[in-house]
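Participant: Below you will find the structure I want to go over with you.
Every number in this text was worked out from the coordinates using simple rules, so none of it is lab data. Since we're looking at a predicted model, the values are computed, not measured. Heads up, the Cβs are rebuilt from the backbone with ideal geometry, glycines too, and the neighbour counts pull from every protein chain shown.
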Amino acid sequence: MKIEIQGQPYRYITENSGECDAECAFLLTKQNEKYKEDALARGANCVLSPEECWSLFGLNRLCVIGITGTNGKTTTASAIYSLLLDLGHKAAMQGTRGFFMNDAPVEGKTLTTPTVLNTYRHMAQAIAEGCEYFVMEVSSHAIEQERIAGIQFGLKILTNITQDHLDYHQSIDEYIRIKNLFFADESKKLINKDEPKAQFNIKNAFTYGVENPATYKILAYSLNNGVSGVLKHFEDHVPFVTSLHGFFNLYNITAAFAAVHLVTNESLEKIADALENFGGVSGRMEVVSESPLVIVDFAHTPDGMEQVLNALKEKEVLVVFGAGGDRDRSKRPMMGRVASAYAKKVYVTSDNPRFEDPDAIIEDILSGIEDKSNVYVDVNRRNAIAQALKDRSGDEVILILGKGDETSQIIYDQHLPFDDRVVARELLKEL
């Protein structure tokens, strides 16, 4: 991919050495540094650093808000984006769900955090559309691979740190180190004060929390008929109401509330009023049927599952889930343990097995469940969902976890059409 640029001795910028010629500058990153000589051999006009590229595109006109954490990145980013738009600001958002500008989708799903040049391209598009703010999810892979090199963040946010991606980072200690690396500089940051694994540079640090003293502290809250509460910021006490569900969303909402207050001149009261309009994110605690109650959620880590299941602890829950192939194996027994601890019945199935044997993945999950008397196993995800719907009775809730708003099942390298929400609705009609 080449990006055209005006007023320079070259016409294009690329990260791909194979595209280089005299009209092209080569953007050097951690991921492509081994191709530098190839770029020069092909006649690249010059080699640029990400910092130079940032200046060339004039991206300092944007306030960039970066969110990292194991869970909650997408909901927090979406809430910030929604609040900014509702408060009359122009904003863009890049993340798991794709790229959006001023309340319109621009590109579909790609990586949570794209390559440096792709992110800069999105930022340039945002500036061209008059955006003041650029909200982006930042993955642990992107931090380690320096896919955020050169970006001058106006605010960095930490949601939480629990286990994920150990297939890549090898150990939980290394994963924690990488997450915290994002907060080692002196840029403005907003940290979850209730996250014990958080380590950060205290310069320009603000905090939010429910349990511990924080810059933005939840004084009281209710989880009945949505998440509502009272936020304390110094001497201000501001009530708020949302339609979101679950204790974990109290953190996401508080982070978004605080973030918008930190980057705008809006009052806490105006932000609280705008919060009522945020209806959540597709595939996150998404109700696909009211009667019977069927909920789909993206939770695919032990902590994420526990948060969602805990949000429904007053209900009897039948949970359907699997675990991704070619990913962290160590979390699978933990996921089984969490599911069996909270759910009345557990339905273990496939979830993007990729190149792994789906039966072997299921065995890994089952190894974490001591009492298997209430466990149903079917490698076919549609069948597992169907069985849960058939078994349900009374006020029991069906919770389908792992894929959220994904629209395909990844088997080997094929993306086969499969949407938990669509499948659940089809099966309900059949039943």
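Participant: Starting from the Cα gyration tensor of the stretch 223-370, multiply each eigenvalue by 5, take the square root, and state the resulting semi-axes largest first in whole Å.
Facilitator: The three semi-axes for the stretch 223-370 are 35, 17, 13 Å.
Participant: Right, here's the next one. For the stretch 286-430, compute Rg over Rh where Rg is the Cα radius of gyration and Rh is the Kirkwood radius from the inverse mean 1/r over Cα pairs.
Facilitator: 0.93
Participant: P(r) for the stretch 273-325: what percent of alpha-carbon pairs falls in each 5 Å bin, starting at zero?
Facilitator: Percent of pairs per bin, in order: 4, 15, 25, 25, 17, 9, 4, 1, 0.
Participant: Classify the stretch 2-48: rounded, prolate or oblate, from the alpha-carbon gyration tensor (a ≥ b ≥ c, eigenvalue square roots; a/c under 1.5 rounded; otherwise prolate if a/b is larger than b/c)?
Facilitator: prolate
Participant: Quick check: Cα centre of the stretch 201-246 to Cα centre of the stretch 92-125, how many Å?
Facilitator: So the two Cα centres are separated by 29 Å.
Participant: For the stretch 388-402, in order, what is each residue's ³J(HN,Hα) by Karplus, 6.51 cos²θ - 1.76 cosθ + 1.60 with θ = phi - 60°, in whole Hz (x at glycine and Pro)?
Facilitator: 4, 5, 5, 6, 4, 8, x, 9, 5, 9, 9, 10, 10, 10, x
Participant: In whole Hz and in residue order, list the ³J(HN,Hα) couplings for the stretch 75-87 that follow from phi through the Karplus curve 6.51 cos²θ - 1.76 cosθ + 1.60, θ = phi - 60°; x for Gly and Pro.
Facilitator: Values per residue, Gly and Pro as x: 5, 5, 4, 5, 5, 4, 4, 4, 4, 4, 5, 5, 8 Hz.
Participant: Order of Ser350, Ser289, Ser393, Ser55 from fewest to most other C-beta atoms within 10 Å?
Facilitator: Ascending number of Cβ neighbours within 10 Å: Ser393, Ser55, Ser289, Ser350.
Participant: So if I average 1/r over every pair of distinct C-alpha atoms in the chain and take the inverse, what Kirkwood radius in Å does that give?
Facilitator: Its Kirkwood hydrodynamic radius stands at 22.9 Å.
Participant: Please arrange Leu190, Leu416, Leu111 by how many other C-beta atoms lie within 10 Å of their C-beta, fewest to most.
Facilitator: Leu416, Leu111, Leu190
Participant: Hey, in the GNM for the chain with a 10 angstrom Cα cutoff, which one of Val238, Val320, Val135 fluctuates hardest?
Facilitator: Top of the fluctuation ranking is Val238.
Participant: How much of the DSSP beta bridge set in the chain is antiparallel, as a percent to the nearest 5?
Facilitator: Percent antiparallel among DSSP bridges in the chain is about 40.
Participant: So what's the gap between the Cα centers of the stretch 263-334 and the stretch 1-26, to the nearest angstrom?
Facilitator: 42 Å
Participant: Using Cα pairs closer than 8 Å and at least 6 residues apart in sequence, work out the relative contact order for the stretch 156-247, in percent.
Facilitator: Once divided by the residue count of the stretch 156-247, the mean separation gives 17 percent.
Participant: Still on this structure, please answer the following. Using DSSP to call loops (not H, G, I, E or B), can you name the chymotrypsin sites (Phe, Trp or Tyr not before Pro) in the stretch 343-388 whose Cβ has at most 13 other Cβ atoms within 10 angstrom?
Facilitator: Taking the stretch 343-388 and a limit of 13 other Cβ atoms within 10 Å, the loop chymotrypsin sites (Phe, Trp or Tyr not before Pro) found are Phe355.
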